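Inspection log for the structure reproduced underneath, given as C-alpha cells.
The values are calculated or read from the model by the stated rules, or taken from the named source; none is laboratory data. The shown structure was predicted, so the numbers you read here are calculated from the model rather than taken from an experiment. Counting neighbours? That spans all protein chains shown, and the Cβs are built from the backbone with ideal geometry, glycine included. Ligands, DNA and RNA are stripped out before the accessible areas are found, and what is left, the full protein with its side chains, is counted by its heavy atoms. Shrake-Rupley method; radii C 1.70, N 1.55, O 1.52, S 1.80 Å.
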Amino acid sequence: ESLTYGANLHIHTTNSDGHLTVENLLNQATEYANKYFQKNGKPFVIAITDHNTIEGCKEAVEIISKNPDKYKNLRVVLGSEISVKEDMLYGYKFKKPEKFHILTMCIDPFERRLNDFLTDINMGHKNPMNPRTISLKEVVGAIEAQPNAYLCYAHPAWPDLRHRIVNPEDNFRKLILF
C-alpha cells in the first residue's frame, strides 16, 4: 500500500506452485508498477522463478511482446527456481544429503541447452516440484553458456542449518554466501 517496494525477485505462477497465471501476474504487477512509477519515477521489477521450469518466462515474453507499451513501467527478470541435492557444500559435510533451491536469474528461456536440461530433469515427472535429483554443478553447467545469467540461493535464511552439518561448531553462516 505504501508503494515502497521496488522489486519482487521470487514469484511463482501456475506453471509450478503459484496461484496466478502468467497473464494475471503480469496484469497485477503492471497495476502496481504504474502506481509505483507515479510515486517514485522508477519502474517496478519482478522475477518469474517457477520451480524447475521456464515455461512461464516464455509466456511472459510472448505476452509482453504483443503490447509492450502496457508494460512500460514493469521490468521482468526471467528465471527459475531449481531443486538440487548435495551432501557437501563449501567444504561443509552434511549429516545427510540436503535438498535446497537455487534461483537462476537473467536467463534466456529460449536457449537450447537450458531447455534440454529442464526437459531432462523433469522427464517422467508430472509435477515440476518433484524433478529428478540433480547437483549444483549440473545447474551451473546448464546456464554457463548464458553470459548474463547468475545463480543465488532461493532461501538464504535456510533455517536450522547448524544441526545439518557434521561439525556444528564451524562457522555455518559461510554456507549462505554464494
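Remarks
- Near Pro43: Cβ cut-off under 9 Å, other residues only, Lys/Arg at +1 and Asp/Glu at -1. The net charge is +3.
- Protection proxy ranking, peptides 52-64, 11-23, average beta carbon neighbours within 10 Å, highest first: 52-64, 11-23
- Using a cut-off of 24 Å between Cα atoms, the listed pairs Lys95/Lys137; Lys35/Lys58; Lys39/Lys72 include Lys35/Lys58 as exceeding that distance.
- Residues with amide H under 5 Å from that of Leu89, placed H, sequence gap 5 or more: Phe94
- Rg(Cα) / (2.2 N^0.38 Å) computed for the range 1-142, rounded to two decimals: 1.16
- Per-residue 3J(HN,Hα) values for the range 108-124, derived from phi via the Karplus relation 6.51 cos²θ - 1.76 cosθ + 1.60 with θ = phi - 60°, read 9, x, 9, 5, 4, 4, 5, 4, 4, 4, 5, 4, 5, 6, 9, 4, x Hz in sequence order (x marks Gly and Pro).
- Between His155 and His101, the built amide H atoms are under 5 Å apart, and every one of these is 5 or more places off in sequence or on another chain.
- Computed from backbone phi with θ = phi - 60° and the Karplus coefficients 6.51, -1.76 and 1.60, the 3J(HN,Hα) list for the range 44-55 is 9, 10, 10, 10, 8, 9, 4, 5, 6, 8, 10, 4 Hz; x is used for glycine and proline.
- Sequence-distant residues sharing a close amide H with Val77 (under 5 Å, placed H): Ile46, Ala47, Ile48
- Heavy-atom accessible area per residue - the range 1-96, 1.4 Å, Å²: 54
- Put a dot 7 Å past the Cα of Thr14, heading toward its Cβ, do the same for Glu138, and the two dots end up 3.0 nm apart.
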